[in-house]
Amino acid sequence: MRDVRLLETAFDPALEIERFTAGHPQSGGVVSFLGQVREGGGVEALELRHYAPLTLPGMRQLADSVLGRWALDGLLIVHRVGTMAPRDPIVLVAAAARHRRDAFAAADFAMDHLKSESWFWKREKTADGWRWIEPREEDRRDLARW
């Protein structure tokens, strides 16, 4: 019912969604969100660091919370760590449900929590060097909706 992974290597979002969807043929709706490294703005690379003893257990706990709130047939959370280039996938969340509203809400909730309450530290590299990226006020407001 839940598939939660933390990866140090690239993943293929289309293949992940295809497999996830095939595994839930009874679902009337499958919603997915893909976060990728932005291209432009001088960004040459993005690095995500994490604290291993907390990251995957925290992601699994988040998945359990999502599954406890919405009637889902399945939930997929795949998250990268390490250094990535522009256009590389960072995170994929997919929710399968009998009805679309549960799938939309579940994916939205999961992403808001991954973005604002996660166990990751993010920095980006430009021609000027590396700089840490702090959560935005908008991210905190998104989380407060729940």
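Each value in this text was obtained by applying a stated rule to the coordinates, not by laboratory testing. Keep in mind the model is a prediction, meaning the values are calculated, not measured. We place every Cβ from the backbone using ideal geometry, glycine too, and count neighbours over all the protein chains shown.
Across the stretch 2-144, Cα-Cα distances exceeding 20 Å account for 48% of all pairs. Dividing the summed -39500 (n - 2.57) terms of all DSSP H runs of n ≥ 4 by the residue count of the chain sets its mean residue ellipticity at 222 nm at -11500 deg cm²/dmol. Relative to the longest principal axis of the Cα atoms of the chain, the long axis of helix 52-69 makes an angle of roughly 30 degrees.
Applying a DSSP loop filter and a limit of 12 other Cβ atoms within 10 Å to the chymotrypsin sites (Phe, Trp or Tyr not before Pro) in the stretch 8-78 leaves Y51.
The stretch 69-146 and the stretch 45-64 have Cα centres separated by 11 Å. By how many degrees, between 0 and 90 and to the nearest 10, does the Cα long axis of helix 100-116 differ from the longest principal axis of the chain? The answer is roughly 30 degrees. Mind pulling the angle between the C-alpha long axis of helix 13-22 and the longest principal axis of the chain? Nearest 10 degrees, somewhere in 0 to 90. The two axes meet at around 10 degrees. Go through the stretch 17-76 and name the GluC sites (Glu not before Pro) that are in a DSSP coil and have 16 or fewer other Cβ atoms within 10 Å of their Cβ. Hits after loop and neighbour filter: E39, E44.
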